[in-house]
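Engineer: Before we start, here is the structure in question, set down as structure tokens.
The values are calculated or read from the model by the stated rules, or taken from the named source; none is laboratory data. Worth saying up front: this structure is predicted, and the values here are computed from it rather than measured. Here the Cβ positions follow ideal geometry from the backbone for every residue, glycine too, while neighbour counts run over all protein chains shown. The accessibility values were calculated without ligands, DNA or RNA, using every heavy atom of the protein model including side chains. Shrake-Rupley method; radii C 1.70, N 1.55, O 1.52, S 1.80 Å.
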Amino acid sequence: MNRLITSVICSLVGINTMLAVDPSRPRLVVGIMVDQLRTDYIEYLQNLFGEKGFRRLMKDGAFLKDVDFKVPGLDKVSGTAMIYTGAYPRMNGISAATVYDPTRQDMSPALNDPSIIGNFTSETYSPANLRLSTLSDEVAIDGAGLGWVYSIAPDPQQSIIMAGHAGNSAFWINDNTGRWATSTYYKDTPAGLSQRNYSEPLSSRLDTMQWKPLLPLARYPGLPAHKRQFEFRHTFPKADRNVFRMYTSSPLVNTEVTDVAVMYLKDLHIGQRGDAIDMLNIGYTAAPYKYVKDGDYRLELEDSYIRLDAQLSRLFEAIDKYVGLDNTLIYLASTGYYDDSVQDDDRYRLPSGTFSVKRAMSLLNSYLAARYGNGDYVDTYSRGHVYLDRKKIEDKKLNIDEVAAAARDFLVKMSGVSDAFTMGDIMASSVPSMEGLRLASDPKTGGDVILHFNPGWTVVDDTRFPNDIQVIRSAMVQTPFFMMGPSVPNVTVSTPVDATAIAPTVSRVLRIRSPNGTMSKPVLLE
């Protein structure tokens, strides 16, 4: 028995020593997700950047200019899940930030978990609905539980996806209180973050904050004359019920995130222990600021990139100070989509119209009632997905596929609808043009009928309060990926790279397993 115990201890010591002395592996991995980051803006504005942010990434590491996510309808949450799992939404279970919950017969956050209690929040989130392992999980497993995995981001679900199932903690900014929040799924609450919530909460600082251009207006390129006459000035009055959402949508939140990241590096000593690889995941934003009153946010967007570059510089300097850039692998990815939709002024006379969801669903229900008998056949609607009341249809002993097809044929004739598909259409199709929609759709949470709308139209979901207003616009943009660290060559790749190849590429550099649902081979950086 004693020999067995000694053997086990020696084996553990051997593993620990191997991890500590392997010079080919970093001590720290820093994963950065930037919401709606675009390659063209980085290249366009690089002369306004410093030397230690984006320029350092381009000069000292690998730069993939065109990461192709392939699937339509991405958002911050589903794009992050694709990068971290190496799989499409159909496989990883995260098709959107909000999905249909059949138990509630209503829309719910994709990672909502009623069995969990919120900490500094009433939100109840966990990674239980994320069906695959993530990069973070594989880092934790590789270190036999010795490595620490932390995640911070303004958005709760993005933070949780980055922390994964095996993470120590995931923190986000609560939309109602401005406090850094987490859930009881994660057991580690850094003392410094709890102290920050009490001693210097955002709620006590917002009134003193304002966002103005960082540079003289003449230095911002490509702006019309009227944008060069007056500086923008955005404030965050606590009297506004949306004040924390306004703040987390602005580039000022990136400063708060960097402050916390630097605190983690300093106080938690991550990447400084040498017994396993630690991981710090960080969420930033480069999204258009939708609270601009005139709908023209070009100046704000350029300023956001310049400010983000400064925060990356701060972060990299802190990593170098506390861990050493030579001991760290850093990767930075975009969430893969860009939402620049805004309703154009009528004076431009562009083809447009308004699609009322309430009216459309009422007409659909009347049509189905006339065809199949009185009853309420439509359950709910969300972002192009129409959910039928399956229980009602089953009680009437009707075929759900037949009813869905009838609904599709009715809805596709409505003004503003460019196409309509049943979930059966999507899953059964082998047409190459349908591949993206098939990979984006999860039969377990997707609608019975999926609508596509004409660009230029405004879809008003007036079944909810406040109304959800969506201006339809197709924005195909290049999104980047950067990686910098030991053994990563300085190379630029201009050809498209599948987004599902990012996770195995990072895994290959770290010499760990890829996530268990990875769909692509790693990119060979040479």
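Engineer: Over the range 254-320, what lengths in whole Å, largest first, do the semi-axes of the equivalent ellipsoid take, defined as the square roots of 5 times the eigenvalues of the alpha-carbon gyration tensor?
Structural biologist: Computed over the range 254-320, the values are 32, 10, 9 Å.
Engineer: Send over the Kirkwood Rh of the range 303-363, from the inverse of the averaged 1/r over different Cα pairs, rounded to one decimal Å.
Structural biologist: Taking the inverse mean of 1/r over all distinct Cα pairs, the range 303-363 comes out at 16.9 Å.
Engineer: Between SER362 and VAL477, what's the calculated FRET efficiency when r is the beta-carbon distance and R0 is 45 Å? Round to 0.05.
Structural biologist: The formula returns an efficiency of 0.80 here.
Engineer: Take the Cα atoms of the range 108-236, find their three principal axes, and give me the spread along each one in whole Å, biggest first.
Structural biologist: Here the spans come out as 57, 32, 31 Å, largest first.
Engineer: What helices does the chain hold that run 15 Å or longer along their axis, going by alpha-carbon atoms, with a Kyte-Doolittle average of -1.0 or more, using DSSP H for the helix calls?
Structural biologist: 2-21, 252-267, 298-322, 357-372, 400-411
Engineer: Separate question: Give, as a single signed number, the net charge of other residues whose beta carbon lies under 12 Å from the beta carbon of VAL417, with Lys and Arg counted +1 and Asp and Glu -1.
Structural biologist: 0
Engineer: Work out how much length VAL292 to LYS396 would gain on full extension: take 0.36 nm times their residue separation and subtract the Cα-Cα distance, in nm to one decimal.
Structural biologist: 32.5 nm
Engineer: On the principal axes of its Cα set, how long, how wide and how thick is the chain? Give whole Å, largest value first.
Structural biologist: 76, 73, 48
Engineer: Another question, then. Residues with amide H under 5 Å of TYR125's amide H, sequence separation 5 or more or different chain, H placed in the peptide plane at 1.01 Å from N; which?
Structural biologist: ASP113
Engineer: Let me spell out the model: positive unit charges on the Cβ of Lys and Arg, negative unit charges on the Cβ of Asp and Glu, origin at the Cα centre of the range 141-218. What dipole size does that give, in debye rounded to 20?
Structural biologist: With only Lys, Arg, Asp and Glu charged at Cβ, the dipole is about 160 debye.
Engineer: Within the set LYS76/LYS290; LYS65/LYS521; LYS358/LYS413; LYS238/LYS293; LYS212/LYS321, which residue pairs have Cα atoms separated by over 24 Å?
Structural biologist: The answer is LYS212/LYS321.
Engineer: Tell me what the chain gives for mean residue ellipticity at 222 nm when only DSSP H runs of n ≥ 4 count, each as -39,500 (n - 2.57), the sum divided by the residue total, rounded to 500 deg cm²/dmol.
Structural biologist: Per the formula, -10000 deg cm²/dmol.
Engineer: Is the shape of the range 349-483 rounded, prolate or oblate, going by the alpha carbon gyration tensor and its root eigenvalues a ≥ b ≥ c, with a/c under 1.5 for rounded and a/b larger than b/c for prolate?
Structural biologist: Verdict is oblate for the range 349-483.
Engineer: Residues of the range 369-461: accessible area per residue at 1.4 Å, in Å²?
Structural biologist: On a per-residue basis, 47 Å².
Engineer: Can you order the peptides 123-134, 267-278 by their average number of other Cβ atoms within 10 Å per residue, highest first?
Structural biologist: 123-134, 267-278
Engineer: What's the FRET efficiency of TYR348 with ASP275 using the Cβ-Cβ distance as r and R₀ = 41 Å, to the nearest 0.05?
Structural biologist: After rounding, the FRET efficiency stands at 0.10.
Engineer: Amide H of VAL378: which non-local residues (sequence gap of 5 or more, or other chain) have their own amide H closer than 5 Å, using H built in the peptide plane?
Structural biologist: Distant-sequence amide H within range of VAL378: ASP389.
Engineer: With N residues in the range 21-73, what two-decimal value do you get for its Cα radius of gyration over 2.2 N^0.38 Å?
Structural biologist: In units of the globular-protein estimate, the range 21-73 measures up at 1.46.
Engineer: If you plug each phi of the range 430-439 into the Karplus form 6.51 cos²θ - 1.76 cosθ + 1.60 with θ = phi - 60°, what whole-Hz ³J(HN,Hα) values come out, in order, with x for Gly and Pro?
Structural biologist: These are the phi-based 3J(HN,Hα) values: 10, 6, x, 5, 8, 4, x, 5, 5, 6 Hz.
Engineer: I'd like to know which of ASN365, MET91, SER199 lies farthest towards the positive end of the charge dipole of the chain, counting +1 on Cβ of Lys and Arg and -1 on Cβ of Asp and Glu.
Structural biologist: Of ASN365, MET91, SER199, it is SER199.
Engineer: Taking H as built 1.01 Å from N, whose amide H comes closer than 5 Å to the amide H of ASN281, not counting residues under 5 places away?
Structural biologist: GLY31, TYR150, SER151, ILE152
Engineer: How large is the charge dipole for the chain, taken about the Cα centre, if only the Cβ atoms of Lys, Arg (+1) and Asp, Glu (-1) carry charge, to the nearest 20 debye?
Structural biologist: The dipole of the chain has a size of about 260 debye.
Engineer: Could you rank the peptides 81-90, 201-210 by their average count of other C-beta atoms within 10 Å per residue, with the highest value first?
Structural biologist: 81-90, 201-210
Engineer: With r defined as the distance between the Cβ atoms of LEU524 and ALA128 and R0 fixed at 41 Å, what FRET efficiency is calculated, to the nearest 0.05?
Structural biologist: Efficiency, from the Cβ-Cβ distance: 0.70.
Engineer: When DSSP beta bridges are limited to those with both residues in the chain, what percentage is antiparallel, rounded to the nearest 5?
Structural biologist: Percent antiparallel among DSSP bridges in the chain is about 50.
Engineer: Using a 1.4 angstrom probe on heavy atoms only, work out the carbon and sulfur share of the accessible area of the range 196-350 in %.
Structural biologist: C and S atoms contribute 47 percent here.
Engineer: Next question, about the same structure. Given the protein chains as shown and a 1.4 Å probe, how many square angstrom of ASP188 are accessible, to the nearest 10?
Structural biologist: Looks like 50 Å² after rounding.
Engineer: For MET33, MET427, MET519, MET476, give the ranking by accessible area with the largest first, probe 1.4 Å.
Structural biologist: Putting MET33, MET427, MET519, MET476 in descending order of accessible area: MET476, MET519, MET427, MET33.
Engineer: Please report the spacing between the Cα centers of the range 487-526 and the range 199-272 in Å, no decimals.
Structural biologist: 33
Engineer: Where nothing but the Cβ of Lys and Arg (+1) and of Asp and Glu (-1) is charged, how large is the charge dipole of the range 456-526 around its Cα centre, in debye to the nearest 20?
Structural biologist: 400
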